[in-house]
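Visitor: Can you keep this structure in mind? I'll have questions shortly.
The values are calculated or read from the model by the stated rules, or taken from the named source; none is laboratory data. Note that the structure is a prediction, hence the values are computed from the model and not measured. Using ideal geometry, Cβ is built from the backbone for each residue, glycine included, and neighbour counts are taken over all protein chains shown. These accessible areas exclude ligands, DNA and RNA; they are computed on the full protein's heavy atoms, side chains included. Shrake-Rupley method; radii C 1.70, N 1.55, O 1.52, S 1.80 Å.
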Amino acid sequence: MTTPVYLDCDTGVDDAVALGYLLASPAIDLVGVGTVSGNTSAAQAARNTLDLLALAGRDDIPVAVGAHDHLSHPYDGGAPHVHGDNGIGGVQLPPATRVPEEQSAVDLLIALSHLYEGRLHIVTIGPMTNIALALEADPTLPGRIAGVTAMGGAALVPGNISPVAEANVFNDPEAADAALSADWDVTLVPLDVTMEHTLSEDDRAALLASTNPFVQALGEILDHYFDFYLPIYGHRTSSLHDPLAAVIAAGGARIDVAPRVPVRVDTTDGPGRGQTIADLRGQRIGPRDHEGARVRVVLRVDDPIAPHLVTTLIGV
Ligand code: BDR
Ligand code: CA
């Protein structure tokens, strides 16, 4: 049995790797992709996604453009210093012949929730603007969704875009708060775990050595990202933010610590804006779920996921 997945992303170097993993995983049936501004604009993220899907021979998967601006502020121009000018490390992929769907990402998500009622899983690896807009457009949406896996937040570690905030949440705190407060089960994959999982130069070389053009392209796209992480880790590498969320959604990682606790997002305009406030009090004697909490915060994944990620990708 495969899980039908709607992917919401801001493609993005690590989004591209996550996309590749979801295509390759035998546990997942990727049934639609929506894009949002974040690492790059929603329109550019859709172009990147279409080009990547064409290279992977998966022109059958619908791609829809979502929100350009965020709920309370306009798109700020993205993160070219992290993801390159075009979002995928400056690599020019052969342009896809397809264009995005006419419907918006919000409408695509809602349509898929009816088509795969009770089975659709949402994987969100960018700002959660489209998810919040879909909840607003159709408050009955959570009742048709099997679960949500979201890359975002920082529970017990520093942020990566401010001292306390992670980029996806910071880019739309109001949307993240709405998505994390909705009546559905969320697995939150924060920086606490994503910074602990990395790719090595050997892993990148293995991708480059593949005869599959899509996998090779991932190796090329990662080059710029490895430069960005040099001063952070002290060597060329990359964090596996979005890929870890994809692996967790596919059940490909053993999760060691993940209590179900209340999580809110700071939506004030002070220095705490975008902070994910997870109620982890009382955890000293071991992880404990709060009664009624719907957000499972992944705090530890001990086994390195890079080997599984790379072998799955190479098997594309
Ligand atoms: C998240 O922000 C983006 O830059 C990455 O693609 C990832 O989704 C990490 O904070
Ligand atoms: Ca992303």
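Visitor: Rounded to whole Å and ordered largest first, report the semi-axes of the equivalent ellipsoid of region 98-257 derived from its Cα gyration tensor (root of 5λ).
Guide: Result for region 98-257: semi-axes of 29, 20, 15 Å.
Visitor: Now, a different point. Convert each backbone phi in region 56-67 into a coupling constant with the Karplus relation 6.51 cos²θ - 1.76 cosθ + 1.60 (shift: θ = phi - 60°), then list the ³J(HN,Hα) values in order as whole Hz, x for Gly and Pro.
Guide: For region 56-67, the Karplus-derived couplings read 7, x, 10, 6, 7, 8, x, 10, 10, 7, x, 5 Hz, x marking Gly and Pro.
Visitor: Something else about it: How long is the gain from D202 to A111 if the chain were fully straight, where each residue apart is worth 0.36 nm and the alpha carbon distance is subtracted?
Guide: 28.6 nm
Visitor: Also: Could you give me the ³J(HN,Hα) list for region 145-158, computed from phi with Karplus coefficients 6.51, -1.76, 1.60 and θ = phi - 60°, whole Hz, x at Gly and Pro?
Guide: 9, 6, x, 10, 10, 10, 7, x, x, 8, 8, 10, 10, x
Visitor: Put a dot 7 Å past each Cα toward the Cβ at D85 and L156; how far apart are the dots in nm?
Guide: Result for the modelled spin labels: 4.4 nm.
Visitor: Which GluC sites (Glu not before Pro) does region 99-196 hold that lie in a coil by DSSP with at most 11 other beta carbons within 10 Å?
Guide: E102
Visitor: Below 8 Å between Cα atoms, with a sequence gap of 6+, how large is the relative contact order for the chain in percent?
Guide: Answer for the chain is 20 percent.
Visitor: Quick one, could you list the DSSP H helices from the chain stretching 18 Å or more along their long axis (Cα atoms) with average Kyte-Doolittle hydropathy of -0.5 or above?
Guide: 42-55, 213-233
Visitor: Heavy atoms only, probe 1.4 Å: what % of the accessible area of the chain goes to carbon and sulfur, would you let me know?
Guide: 52
Visitor: Okay, moving on. On full extension of the chain, what length is gained from D183 through H73, given 0.36 nm per residue of separation minus the C-alpha to C-alpha distance?
Guide: So the extension gain works out to 37.1 nm.
Visitor: Can I ask one more? Can you give the helix-only mean residue ellipticity at 222 nm for the chain, where every DSSP H stretch with n ≥ 4 adds -39500 (n - 2.57) and the sum goes over all residues, rounded to the nearest 500 deg cm²/dmol?
Guide: Here the helix-only value at 222 nm equals -10500 deg cm²/dmol.
Visitor: Based on the alpha-carbon gyration tensor of the chain and its eigenvalue square roots a ≥ b ≥ c, which shape applies: rounded if a/c is under 1.5, prolate if not and a/b is larger than b/c, or oblate?
Guide: rounded
Visitor: Something else: One-quarter of the Cα convex hull surface for region 175-299, in nm²?
Guide: 10.2
Visitor: Also, quick follow-up: What's the magnitude of the charge dipole for region 127-240 around its Cα centre, counting Lys and Arg as +1 and Asp and Glu as -1 at the beta-carbon? Answer in Debye, nearest 20.
Guide: Here the size comes out at about 160 debye.
Visitor: Oh, and also: Taking a ≥ b ≥ c as the square roots of the eigenvalues of the Cα gyration tensor of region 56-146, is the shape rounded (a/c under 1.5), prolate (a/b larger than b/c) or oblate?
Guide: Oblate, since a/c reaches 1.5 and b/c is not below a/b.
Visitor: Return one whole number: the accessible area per residue of the chain in Å², for a 1.4 Å probe.
Guide: 39
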